[in-house]
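Participant: This is the structure I have questions about; it appears just below.
The values are calculated or read from the model by the stated rules, or taken from the named source; none is laboratory data. Since we're looking at a predicted model, the values are computed, not measured. Positions of Cβ are backbone-derived with ideal geometry, glycine not excepted, and every protein chain shown enters the neighbour counts.
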Amino acid sequence: MTAPLLHAADLKVTLGPPGAGVAVIAGLDFSLEAGRTLGVVGESGCGKSMTALAIMGLLPRPHAVGGALRFNGTDVLTLPAEGHRRLRGAQMAMIFQEPMTALNPVVTVGRQIAEMLEVHRATPPDQAARQAVALLERVGIADAGRRATAFPHQLSGGMRQRVMIAMAIACKPALLIADEPTTALDVSVQAQILDLLLELQRDEGMAMVFISHNLGVVSEMADDILVMYSGRAVEYGPAQAVLRAPRHPYTAGLIATLPDIGRRQAVLPVIPGNVVNPRRRPAGCAFAGRCAQAGADCAAAVPMLTPVAAGHAAACLRVRPAA
Amino acid sequence: MSEAAVSVWQLRWRRLRRDWPALAGAGVLVALYLACRAAPWLEDWLGVSGVETDLLSRFEPADGQHWLGSDEAGRDELCRLLRGGQVSLSIGFMAALGSSLVGTVIGACAGYFRGKVDMVLMRFTDFVLALPGLPVLIILAAIDLTKLGFSQDFVRSGDAGYWRIVAIVTLLGWTTVARLVRAATLALAEREFVLAARAQGASAWRVLWVHVLPNAISPVIVATTLRMGGVLLTESALSFLGVGIQPPATSWGSMLTNAQELIATAPLLAIYPGALVLVSVIAINFFGDGLQSAFDPRSDPG
């Protein structure tokens, strides 16, 4: 068995100065093989984006990290800043939620794409400009030659996200992190962007970390799903297994909140309460306060991620471990 | 997208084009500058000189040859004003540009690297800002340049006085721009496109140069323009105090100094250079204000 492209072992991230930090990721394990997609799901504030920033080496300062995070065999947590910078854009790339704000407003989109090639491949400017136009065509922008000379504010949200994707894939990275890439777009454009990402992934053989709070979107994209709650994994397994037979009450709750087009519902189900503040995370299961099945034992200790089926694990005292 | 690609700069130009006080200010400045440049030709044409003394024709009234009369040493007043203007305007431009460059570098480093770098640079800025301006300028102007390793020839030439003023004003004048750029950089560094640029592997230098500074440049341009007016006044003050431009070279400030003793007998010799300083500073401020509103995204888009 080959080593996975990306592997996290007991990843911990604490933001803030030493002594007064907040543990936004409190021990996270996952792995991602080349060419596959890991969907990361959870509510706002559960640590999804921090996981992405930890991989990219862009965590806000000051911060402290623990555990190991291997990319292609190198532990990126201990990588010097300059080494990590070389990986970014070339080996690992990221697209962001807001295509409105993630592009430089005073530089034409063609220049911004060409810059990637100039930085990482030392491509001469005229050649980089031509490749930028080709990349714009690749991500489905019509009349790419003219659009390359446009400034971001002259493009629609969907086109801007396509530009972001073109920048991300410019150097053919092995890993693409998509942090809520379609949340800011309207539904029909969302579907187009998801299709584009799937197509690019198939053609380029990229691995993808797809972050979303929307299980419906993740179910279309991911091979494996990692459900996070308050800085920890509460369920992790193959996408089909997690969606069809969720074991953790939180995952089950998330799936129940998805609207079903076949049923008329006056009120959509919700999970009561909010994600706990990581500063006041309880000693036991962080979800216990919102969980219908919680008992006194849930507050005693953090439940471990326990295998429940082949490749499928959940961190809840109420699930029966696999035999 | 039927309309042609319009960059922010084109939008700004469209706004500026409709701002007549700003255009008038710019026009006056350009006209003044061109007139000053034309001084040697004018001298040839009229057969007068703004530099050579002619003790037989002191205090001539205005006539066909001396359009504005002549001064206490028989030099043509108009040509002398124009030659002084070359020096004054170019000092204003150079020193404002120098201040902005220094301020931009310091402000950008402080705002982008933050932490200790920010603290050290900003405390230094506070220190420079707290210096009493004019006394420090006078002390700096009194430094013997030969002791700093400059050659005798350079120190005696007119250039030394010119560059001395540019350097002094730059050294004390960068603080406003440094603070402006720092504030803009702090705000821009939080923007997602800066994070995105870093996610694409751009180095700190490239992030600053390509992504932060071009977005922070508008307040700098406005501040530089307005600063030019301030420098013109500082130069006048220094030259008036006798520590600025030294004869035979001249500037509007040093012409004011000369006119000081003659204010009762030949008041026009003081009024002309004073009026030119006034007009240029007003023109610069009008233009600067125009730029400010043209760069303001909240003002009506063209």
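Participant: Being more than 8 Å from chain B (Cβ to nearest Cβ), touching a residue at least 12 places away in the same chain (Cβ under 8 Å) and assigned to a loop (DSSP other than H, G, I, E, B) is the filter here, so list the residues in the range A:142-151 that pass it.
Facilitator: A:Ala148
Participant: In addition: Does the range B:173-193 include one or more residues that are surrounded by 18 or more Cβ atoms within 10 Å (Cβ to Cβ), in contact with a Leu (Cβ under 6 Å, 6 or more places away or on another chain), assigned to a helix (DSSP H, G or I) and among the aliphatic types (A, V, I, L, M)?
Facilitator: no
Participant: Continuing with the same structure: Would you confirm, using the coordinates I've provided, whether B:Ser239 is within 14 Å of another protein chain (Cβ to nearest Cβ) and hydroxyl-bearing (Ser, Thr, Tyr)?
Facilitator: no
Participant: Could you say whether any residue in the range B:254-270 is farther than 26 Å from B:Arg58 by Cα and either under 20 Å from the mean Cα position of the chain (by Cα) or part of a loop (DSSP other than H, G, I, E, B) (or both)? Show your work before the answer.
Facilitator: The first filter runs over the range B:254-270 and keeps only residues farther than 26 Å from B:Arg58 by Cα, leaving none.
No - not one qualifying residue is present in the range B:254-270.
Participant: Condition first: among the charged types (D, E, K, R) and either under 18 Å from A:Ala129 (Cβ atoms) or part of a helix (DSSP H, G or I) (or both). Now tell me which residues in the range A:85-112 satisfy that.
Facilitator: A:Arg85, A:Arg86, A:Arg111 - these are the residues of the range A:85-112 that are among the charged types (D, E, K, R) and either under 18 Å from A:Ala129 (Cβ atoms) or part of a helix (DSSP H, G or I) (or both).
Participant: Assuming A:Thr123 fulfils every condition listed in (1) hydroxyl-bearing (Ser, Thr, Tyr); (2) assigned to a helix (DSSP H, G or I); (3) under 18 Å from B:Ala202 (Cα atoms) apart from one, which condition is it?
Facilitator: Answer for A:Thr123: the failing condition is (2).
Participant: If I ask for residues that are among the aromatic types (Phe, Trp, Tyr) and under 22 Å from B:Asp144 (Cβ atoms), which ones from the range B:228-253 would you list?
Facilitator: If the condition is that a residue be among the aromatic types (Phe, Trp, Tyr) and under 22 Å from B:Asp144 (Cβ atoms), then B:Phe240 is the only one that fits.
Participant: Also, I was wondering about something else. Which one of these does B:Phe150 not meet: (1) within 14 Å of chain A (Cβ to nearest Cβ); (2) more than 30 Å from A:Met94 (Cβ to Cβ)?
Facilitator: Among (1) within 14 Å of chain A (Cβ to nearest Cβ); (2) more than 30 Å from A:Met94 (Cβ to Cβ), B:Phe150 violates only (1).
Participant: With the structure loaded, tell me whether A:Ala93 is in contact with a helix residue (DSSP H, G or I) (Cβ under 6 Å, 6 or more places away or on another chain) and either at pLDDT 90 or above or surrounded by fewer than 17 Cβ atoms within 10 Å (Cβ to Cβ) (or both) or whether it fails that test.
Facilitator: Yes.
Participant: Which of the helices (runs of 4 or more DSSP H) contained wholly in the range B:1-76 include at least 1 residues that are under 19 Å from B:Thr250 (Cβ atoms) and at pLDDT 80 or above?
Facilitator: B:20-37, B:39-46
Participant: Right, something else. If you take the residues in the range A:152-170 that are more than 16 Å from A:Leu194 (Cβ to Cβ) and surrounded by fewer than 20 Cβ atoms within 10 Å (Cβ to Cβ), which one is nearest to the other protein chains (Cβ to nearest Cβ)?
Facilitator: A:Gln154
Participant: Just the residues that are at the interface with another protein chain (Cβ under 7 Å from one of its Cβ atoms), small (Gly, Ala, Ser) and over 16 Å from A:Lys172 (Cα atoms), please, taken from the range A:85-110.
Facilitator: A:Ala102
Participant: Moving on to the next point. For the range A:75-84, does any single residue satisfy the condition of being under 19 Å from the mean Cα position of the chain (by Cα), farther than 22 Å from A:Gly311 by Cβ, within 14 Å of another protein chain (Cβ to nearest Cβ) and part of a loop (DSSP other than H, G, I, E, B)?
Facilitator: yes
Participant: Take the residues in the range A:208-245 that are buried (at least 24 other Cβ atoms within 10 Å of the Cβ) and over 15 Å from the mean Cα position of the chain (by Cα); name whichever of them is farthest from A:Ala8 (Cα to Cα).
Facilitator: So the residue we want is A:Val242.
Participant: How many residues does the range B:175-215 contain that are within 21 Å of the chain's Cα centre (by Cα) and either of a type in the set (S, T, N, Q) or at the interface with chain A (Cβ under 10 Å from one of its Cβ atoms) (or both)? Give the derivation first.
Facilitator: Residues of the range B:175-215 within 21 Å of the chain's Cα centre (by Cα): B:175-181.
Next cut, either of a type in the set (S, T, N, Q) or at the interface with chain A (Cβ under 10 Å from one of its Cβ atoms) (or both) only: B:175-176.
Looking only at that region, the number is 2.
Participant: If I go through the range B:154-172 residue by residue, how many of them are in contact (Cβ under 8 Å) with a residue 60 or more places away in the chain and in contact with a Phe, Trp or Tyr (Cβ under 9 Å, 6 or more places away or on another chain)?
Facilitator: Of the residues in that region, 0 qualify.
Participant: Being closer than 18 Å to A:Ala283 by Cα and in contact (Cβ under 8 Å) with a residue 60 or more places away in the chain is the filter; apply it to the range A:300-313 and report the residue that is surrounded by the fewest Cβ atoms within 10 Å (Cβ to Cβ).
Facilitator: It comes out as A:Val302.
Participant: Mind checking which residues of the range A:243-266 are in a helix (DSSP H, G or I) and of a type in the set (Lys, Arg)?
Facilitator: Listed by number, the list holds a single entry, A:Arg244.
Participant: Being away from chain A (no Cβ under 14 Å) and over 20 Å from B:Pro247 (Cα atoms) narrows it down to one residue among B:Gly50, B:Gly27; which is it?
Facilitator: Just one listed residue meets the conditions, B:Gly27.
Participant: Follow-up. Give me the strands (runs of 3 or more DSSP E) completely within the range A:22-71, filtered to those with at least 3 residues that are of a type outside the set (D, E, K, R), within 14 Å of chain B (Cβ to nearest Cβ) and touching a residue at least 40 places away in the same chain (Cβ under 8 Å), ordered by residue number.
Facilitator: Those strands (runs of 3 or more DSSP E) do not exist here; none qualify.
Participant: I've got another one for you. Quick one: A:Ala132 ticks every box in (1) crowded, with 23+ Cβ neighbours inside 10 Å; (2) facing another protein chain (nearest Cβ under 7 Å) bar one, so which box is it?
Facilitator: (2)
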